[in-house]
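The values are calculated or read from the model by the stated rules, or taken from the named source; none is laboratory data. Not measured: the values here are computed from a predicted model. Virtual Cβ from ideal backbone geometry, glycine too; neighbours counted across all protein chains shown. These accessible areas exclude ligands, DNA and RNA; they are computed on the full protein's heavy atoms, side chains included. Shrake-Rupley method; radii C 1.70, N 1.55, O 1.52, S 1.80 Å.
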Amino acid sequence: MAWVQIPLSAFLYFLVGGLSSERNYGGEKGRFGVLLFLLFLVKVSALYILDARGRVLISRNYRGDVPVDVISQVKLKVIEAEDDSSTKPILHDEQRGYSLAFIKVADIFLVAVTRTNANAALMLSFLYRVVLVFREYFKDVEEESIRDNFVLIYELLDEMMDFGFPQSTESKVLQEYITQERHVLESPRPPIAVTNAVSWRSEGVKHQRNEVFLDVIEKVNLLVGANGNLLYSEILGQMKMKSYLSGMPELKLGLNDKLQFEATGRPGQGRAVELEDIKFHQCVRLSRFETDRTISFIPPDGEFELMSYRLSTPMRPLIWVDAMIEFHPYRVNYTINVRAQFKPKYTANSVKIHIPTPPDADTPSFKSASGRVKYTPEKDVVVWSLKHLHGGQELVVRGYFGLPSIPSSENREQAVRRPISVEFEIPYFTVSGLQVRYLKIIEKSGYRALPWITN
Amino acid sequence: MPDSKYFSTTNRGELFELKQQLNSHSNRSKRDALKQVIASMTVGKDVSSLFTDVLNCMQTVDLELKKLVYLYLINYAKTQPDLAILAVNTFVKDASDPNPLIRTLALRTMGCIQLTRISEYLCEPLRRALKDADPYVRKTAAICVAKLYEVDPALVSEYGFIGVLKELILDSSPMVVANAIAALGEIDDSLPGTLELRPNLVSGLLQCLNDCSEWGQIFIIDAVSSYVPSGTEEAESIIERLLPRLQHANAAVVLSSMKVIVKNLKYIKSVEFARMVQKKLGAPLVTLVSAEPEVQYVALRNINLLVRKYPEILQNEFKAFFCKYNDPPYIKEEKLEILVRLANDDNATKIISECKEYAAEVDVGFVRASIRAIGRIALKIEAAANKCVECLLDLVRTRVVYVVQESIVVMKDIMRRYPNEFEGAIPVLCENLEALDEPNARASLIWIIGEYADRIENIVELVESFLENFQDESVQVQQQLLTCATKVYLKCNGSCKVSLEKILNDSMKNSDNADLRDRAFFYSRLLQTDKELAKSVVLSRKPRIVNSQQDLDDSLLNTLLDEMGSLASVFHRSPHVFLANSKPLPQVSVVDEEWKEQNSEVLSDDILELSLSDKQQVADINHGIGKSSVDELFDLRGAEPTSSQKSSEQNNDLLSLIDDLFSNSATQKNTAVSSEHYESPEKRVRLLLPASKARGLEISGVFTIEGDKVQYILKLQNESNETMRENAIQFNKNLLGMIPSRSKLDVDQLKPKESVICKIDLRYVPSEKDSKKGLIFQMALKNDICGVVYFGDKLDESNLIVFLQAEHIGKLSKQAFLDEWNNIGSSHEVVKRISVPTGVSLPGYFVEKLYPLKVFQVASSPSRLCYFSARVMEEIFILVELHWTDKSNDVELSLRCNSVVELLRIFEHLIERALSK
């Protein structure tokens, strides 16, 4: 009888979210069956969309210098490669002198092919952008939707790239003049925004209620050693904004950023946070940020990620989970401890703890004093959900699975070594301690806007 | 109704029905028909027969229909060039439509149809579009110039579009600016010098970065990356402007900015500033590691490069490269690679325990890689070796078969690197004898046993048990067994004698494998001759092994850092590999096998010395170096670019001076450039073969000129621990017929860690000429330690200059020129259009620029033609014709040469560079 100590070296995921119920950003569940190629000469030569078996759905040759059979070559490589996940996202065909980069989203491939020493980072990020724009137009990007919208896709591809150079990729702006509706009386004209300095927002946006929502979502990666020591922790934060504002509003965001306090020479009231690295949406004036750490911008209309940041300061996990998994000949026992390590005045809501199980486990039997335990065989996890978890609280759940006498998969122990992940939200609290100090909205017409900040 | 229905029809009479529909009067049915046509086109059915019918739909106010027609045209115009011309009228008409969207559409589509005949009609609308009031049209027009250039460069220069593009750089719309830069950059690839970056232009461009779209930012940053700052201040200001870009959400913007920052870092004098910048690079790099996996991969490959040169940037962030559970395998592999690179005395312990955790994962490939990583850290960091061995022994105790085998292979390297330090590990390793089924692991363990034969108690039993099954082992193991048994015999006073004799005899008589047989012969003769001698050979100290992590040579590393974010940086291969249009460059590594064989007989009487398992290795030569050294040459030659006005004033004087020179036919008077004008050749030597590939001998070399003789400067650096004697060199036949005057080098001995410079006089031997060898000089060097090593140098621009300088009678008479020109014929001709600076007076400018290269004027005619000739090694002539007009700065350059085309290409670059300065 052996005790298997869990977690040995596992990542724990914590999610601290805002109050807003829509936290499932971009959680795309649609099944993809499409291949998409781009060929760059200096940049891109042509673009193909193929289905899962490599048949062409759409092809757009930007430079006319790509032999037709490139597709079959690429098809072979990528489709064959699909079985072997170790295939790198960039391949080079020495004999024929082209290289290709592809991304895989669900089971769709987007592939860019070039005949020069092209900018690989640009190719890949452009591919991701193409998916994003398609998604804004027809939600799920999959074989069916590509077929349903192929005329629109041709138009979009032409608008987003010319002669291999990426052009306008702002879906909000594109939607103003690339549409599927017929324009009988008057043809649309390109919006000024396309070529403007503010290429992400058109003028003349109108909303009845002028509102803006700001959500702070933080994800924590923890690496815990076998002895329970914290080896590595990292906070990845995102600030999601939903802006419904009229006109061309100027927004200014103030955070309790340590460097901003220093830059402005103001003594920090309360706790200040030192953000290690920040990435901004293209609407934020980077040079302004560089000089005095002010985050000022004209937001695009609708939903977007304003910024993301990273901190790797050592921190104590807010919720500590300890899972003891004990293998017997026909049974595996689980003892899961959870401890809320934050102050009692806070409460974590909708806590979900995912614990890995062996793939061949059956007949689950779990008992717990609080919360619900659900076994999800598709993912081989047990999910323990708690409505509330108060600071300082400690809870235990025990249970067991039956196991077939002959292991169906070679490695049960490996399976339960997968990371445990924990999701929860604590209103008005972030792991990093980051706080929004103010969000100023200035517009010429002088309307009053309502900022909703939920972090 | 979704469009997918268009894919489903498979009627027989499909084409006929479509034809009818296309000719109907309703726009709706035309649209439906066209959608079906496009759907068929997309899945690869041939619908080109409908060309005329589709063309008929072109004149319409229905924008959607028009777009569909245009889409069709782009795809089929090439196959129906005669019919395509019929579309031109509608294109031209649409190009002046009041709606900018339609103007743009027409222009964009016309540009995409790459037919010369269409292009002629494109020029006029394009000229208007470039000045269009709507920026949307202008930005499309800018790209269109690049399209036109690809089809017909002459038209671009005729209409002066390049000039217009340059004006567009100052446009009010940032997108137009970005596209103009992109177009100029593209043209610049085939016509260098198109995109002239002046200091104020660069700072202007950087200033407008903030207003550009993310892609526009990349165009501009990539363009700026080719700019060389005038000094430390300018470099500082470029870096300062780009630092904020590191905060951009788009990883491509971050990487491109990083590239330019790192590039400019070289010019920074202030240590503080450089340190400040380096400090700011770490965090954005770490953030890239949490991007999408594919982007992350590009980032990691680049980080891999960066940490070779600037390890301090990320040394404290090593934990960010710990593998996550769900990372794809290719990401894990890269992270491991970087972890090993970042390992130092302080963090080694942490990295090693991390790697040990990975060894318990499921993915076998990754587990093995992790174990190898531990081994590499042990080889790299002496202080960590102990910890590594501890880890490996723990892993061996897990008894997981593949873990044990890989660990043993790694242990062998460690025990070889640190002899006699870890013999305590041997019992643990030997416990697993039976489990080893991979030849590599078995061979490794046998090597260890042999090496420590005198410290193992039951050595005889152990070896005997192995020898029993000698026949069943793989060759690799058999070889190792021979060695091991011999060592045991020598170390333990003749034990195992019987079985050793048996397997030696067996191998000599019965083995099919030449290596095995040879090794057996070698040992058996050695043992018969002199046992003491055998001891000194077989039990000698092994050369120290180094970290097996692949190292790029410095010049390639620098090239790749300049190309960060590009494919080259991802594959860690020289950028030209990715150019499909350029002819594949000859591979240096192809040293003729035949020559090698002949040579090995001549040079290596002591081939037995060579370790049998080691294969001859031939170095890759980096092709990227040539450029910079040529630039240096030019600068040093004092041909600094004078301002255009000044030079036109001086030109007359200069002309007469040169005329004087020529009329005397007195090339003697000014024997071109003597060697002291160069940077000393010792400094110019380029690495040809790293020490790791030539058993501890690092070889660098360069061609140079001494007096009027061509010499080869060879720099030898002994990285091994032994003194090298009896050095000799030999050249294979080559394009120019140059071989060393004598093969022995005047270096008696080369002590460990010593380096020496040899000057090898070269002489011209016509019989050694072989034009099939391409541009490579294949060379072989022999000495008593290394045996024979093969390497090569390439005839590139800087080397060609050397050969040109060595020639005095490059000037042909007019008649001789004419004869030779006709003799060669157009099969060996290269024609190229180049542009010269504005305001220079021709042909004086040519003479001024070409004379230093020893390219001499033969004649010039009033009809704007001018002829030059040059000669390389007596028999190779290069003839130049230059033709220009008064209207533009473009000059047509025709080159003919009676040698291989590759040579012509190099010469072409040389002249082009000289003239476009």
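Matching residues to (1) of a type in the set (A, V, I, L, M); (2) at pLDDT 70 or above:
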| site | (1), (2) |
| --- | --- |
| A:Ser421 | no, yes |
| A:Ile426 | yes, yes |
| A:Thr430 | no, yes |
| A:Gly446 | no, yes |
| A:Ile453 | yes, no |
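Exactly one of (1) open to solvent by 60 Å² or more (accessible area, probe 1.4 Å); (2) polar (S, T, N, Q); (3) over 23 Å from B:Cys323 (Cβ atoms) is unmet by B:Thr398. Its number?
If we test B:Thr398 against (1) open to solvent by 60 Å² or more (accessible area, probe 1.4 Å); (2) polar (S, T, N, Q); (3) over 23 Å from B:Cys323 (Cβ atoms), just (3) comes out false.
For region A:358-382, give me each residue that is more than 22 Å from A:Ser405 (Cα to Cα), at pLDDT 85 or above and surrounded by fewer than 17 Cβ atoms within 10 Å (Cβ to Cβ).
Those that are more than 22 Å from A:Ser405 (Cα to Cα), at pLDDT 85 or above and surrounded by fewer than 17 Cβ atoms within 10 Å (Cβ to Cβ): A:Arg372, A:Lys374.
Evaluate region B:115-132: report whether one residue or more is out of contact with any strand residue (DSSP E or B) (no Cβ under 8 Å at 6 or more places or on another chain), touching a residue at least 12 places away in the same chain (Cβ under 8 Å), farther than 19 Å from B:Ala87 by Cβ and buried (at least 18 other Cβ atoms within 10 Å of the Cβ).
yes
Is it the case that A:Ile146 is of a type outside the set (S, T, N, Q), at pLDDT below 85 and buried (at least 21 other Cβ atoms within 10 Å of the Cβ)?
It is true that A:Ile146 is of a type outside the set (S, T, N, Q), at pLDDT below 85 and buried (at least 21 other Cβ atoms within 10 Å of the Cβ).
Quick one: which strands (runs of 3 or more DSSP E) lie wholly within region A:363-442 and hold at least 2 residues that are of a type in the set (Ser, Thr, Tyr) and over 27 Å from A:Asp257 (Cα atoms)? Walk me through it before giving the result.
On the way: elements: A:372-376, A:381-390, A:394-402, A:421-425, A:436-442.
Because the criterion is at least 2 residues that are of a type in the set (Ser, Thr, Tyr) and over 27 Å from A:Asp257 (Cα atoms), the strands (runs of 3 or more DSSP E) in region A:363-442 that meet it are A:372-376.
In region B:808-815, is there at least one residue being open to solvent by less than 40 Å² (accessible area, probe 1.4 Å) and closer than 23 Å to B:Ser869 by Cβ? Steps first, answer last, please.
Of the residues in region B:808-815, the ones open to solvent by less than 40 Å² (accessible area, probe 1.4 Å) are B:810, B:812.
Now drop any that are not closer than 23 Å to B:Ser869 by Cβ, which leaves B:810, B:812.
Looking for residues that are open to solvent by less than 40 Å² (accessible area, probe 1.4 Å) and closer than 23 Å to B:Ser869 by Cβ, one finds at least one in region B:808-815, hence yes.
Please work out which residue is farthest from the chain's Cα centre (by Cα), limiting yourself to region B:354-366 and to residues that are open to solvent by 20 Å² or more (accessible area, probe 1.4 Å) and more than 8 Å from chain A (Cβ to nearest Cβ).
First, pick out the residues of region B:354-366 that are open to solvent by 20 Å² or more (accessible area, probe 1.4 Å): B:356-357, B:360-365.
Then keep just the ones that are more than 8 Å from chain A (Cβ to nearest Cβ); that gives B:356, B:363-364.
Working: B:Lys356: 35, B:Asp363: 32, B:Val364: 32 Å.
Checking each candidate, the answer is B:Lys356.
When you scan region A:97-113, how many residues do you find that are within 17 Å of A:Asn61 (Cβ to Cβ) and more than 7 Å from every other protein chain (Cβ to nearest Cβ)?
Final tally of qualifying residues: 5.
For region B:56-65, name all the residues that are open to solvent by 10 Å² or more (accessible area, probe 1.4 Å) and part of a helix (DSSP H, G or I).
Going through region B:56-65, the residues open to solvent by 10 Å² or more (accessible area, probe 1.4 Å) turn out to be B:56, B:59-64.
Passing the criteria: B:Asn56, B:Leu63, B:Glu64.
Counting only residues that are open to solvent by 30 Å² or more (accessible area, probe 1.4 Å), over 28 Å from A:Leu124 (Cβ atoms) and in a helix (DSSP H, G or I), which one in region B:536-580 is modelled with the lowest pLDDT?
B:Asp554
Taking the condition surrounded by fewer than 23 Cβ atoms within 10 Å (Cβ to Cβ) and at pLDDT 80 or above, does B:Lys769 pass?
Working: surrounded by fewer than 23 Cβ atoms within 10 Å (Cβ to Cβ): yes; at pLDDT 80 or above: no.
Criteria not met by B:Lys769.
Can you name the strands (runs of 3 or more DSSP E) wholly within region A:269-340 that have at least 1 residues being in contact with a strand residue (DSSP E or B) (Cβ under 9 Å, 6 or more places away or on another chain), assigned by the TED database to the domain that holds A:Gln393 and surrounded by fewer than 20 Cβ atoms within 10 Å (Cβ to Cβ)? First the steps, then the outcome.
Numbers: elements: A:277-280, A:295-297, A:302-311, A:319-327, A:331-340.
Because the criterion is at least 1 residues that are in contact with a strand residue (DSSP E or B) (Cβ under 9 Å, 6 or more places away or on another chain), assigned by the TED database to the domain that holds A:Gln393 and surrounded by fewer than 20 Cβ atoms within 10 Å (Cβ to Cβ), the strands (runs of 3 or more DSSP E) in region A:269-340 that meet it are A:319-327, A:331-340.
Return the only residue of B:Glu464, B:Glu473 being without any contact (Cβ under 8 Å) to a residue 60 or more places away in the chain and surrounded by fewer than 18 Cβ atoms within 10 Å (Cβ to Cβ). Walk me through it before giving the result.
Working: B:Glu473 fails: surrounded by fewer than 18 Cβ atoms within 10 Å (Cβ to Cβ).
That would be B:Glu464, the only listed residue that is without any contact (Cβ under 8 Å) to a residue 60 or more places away in the chain and surrounded by fewer than 18 Cβ atoms within 10 Å (Cβ to Cβ).
If I ask for residues that are in contact (Cβ under 8 Å) with a residue 24 or more places away in the chain and within 12 Å of another protein chain (Cβ to nearest Cβ), which ones from region B:321-346 would you list?
B:Phe321, B:Phe322, B:Cys323, B:Asp327, B:Pro328, B:Pro329, B:Tyr330, B:Ile331, B:Lys332, B:Glu333, B:Glu334 - these are the residues of region B:321-346 that are in contact (Cβ under 8 Å) with a residue 24 or more places away in the chain and within 12 Å of another protein chain (Cβ to nearest Cβ).
Within region A:232-265, how many residues turn out to be outside any strand (DSSP E or B) and modelled with pLDDT under 80? Steps first, answer last, please.
Initial filter on region A:232-265 (outside any strand (DSSP E or B)): A:245-249, A:256, A:258-265.
In the following step, the residues that additionally are modelled with pLDDT under 80 were identified as A:258-265.
Summing the residues that are outside any strand (DSSP E or B) and modelled with pLDDT under 80 in region A:232-265 gives 8.
Matching residues to (1) touching a helix residue (DSSP H, G or I) at 6+ places or on another chain (Cβ under 7 Å); (2) surrounded by fewer than 20 Cβ atoms within 10 Å (Cβ to Cβ); (3) free of Cβ contacts under 8 Å to residues at least 24 places away in the same chain:
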{"position": "B:Val88", "(1), (2), (3)": "yes, yes, no"}
{"position": "B:Ala95", "(1), (2), (3)": "yes, no, no"}
{"position": "B:Asn99", "(1), (2), (3)": "no, yes, yes"}
{"position": "B:Ala154", "(1), (2), (3)": "no, yes, no"}
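Is it the case that region B:740-761 has a residue that's touching a Pro at 6+ places or on another chain (Cβ under 6 Å) and either modelled with pLDDT of 80 or more or in the same structural domain as B:Phe877 (by the TED database) (or both)?
Kept after step one, since they are touching a Pro at 6+ places or on another chain (Cβ under 6 Å), are these residues of region B:740-761: B:760.
Checking which are either modelled with pLDDT of 80 or more or in the same structural domain as B:Phe877 (by the TED database) (or both) leaves us with B:760.
Yes: region B:740-761 contains one or more residues that are touching a Pro at 6+ places or on another chain (Cβ under 6 Å) and either modelled with pLDDT of 80 or more or in the same structural domain as B:Phe877 (by the TED database) (or both).
Hey, can you tell me all the residues within region B:24-55 that are open to solvent by less than 10 Å² (accessible area, probe 1.4 Å) and in contact with a strand residue (DSSP E or B) (Cβ under 8 Å, 6 or more places away or on another chain)? Don't jump to the end; show me each part of the working.
Looking only at region B:24-55, we keep the residues that are open to solvent by less than 10 Å² (accessible area, probe 1.4 Å), and these are B:33-34, B:37-40, B:42, B:47, B:50-51, B:54.
Answer for region B:24-55, where residues must be open to solvent by less than 10 Å² (accessible area, probe 1.4 Å) and in contact with a strand residue (DSSP E or B) (Cβ under 8 Å, 6 or more places away or on another chain): just B:Thr42.
From the list B:Leu122, B:Leu126, B:Leu165, B:Leu107, which residue is at negative phi and either in contact with a Ser or Thr (Cβ under 7 Å, 6 or more places away or on another chain) or within 13 Å of chain A (Cβ to nearest Cβ) (or both)?
On the way: B:Leu122 fails: either in contact with a Ser or Thr (Cβ under 7 Å, 6 or more places away or on another chain) or within 13 Å of chain A (Cβ to nearest Cβ) (or both); B:Leu126 fails: either in contact with a Ser or Thr (Cβ under 7 Å, 6 or more places away or on another chain) or within 13 Å of chain A (Cβ to nearest Cβ) (or both); B:Leu165 fails: either in contact with a Ser or Thr (Cβ under 7 Å, 6 or more places away or on another chain) or within 13 Å of chain A (Cβ to nearest Cβ) (or both).
Answer to the check: B:Leu107.
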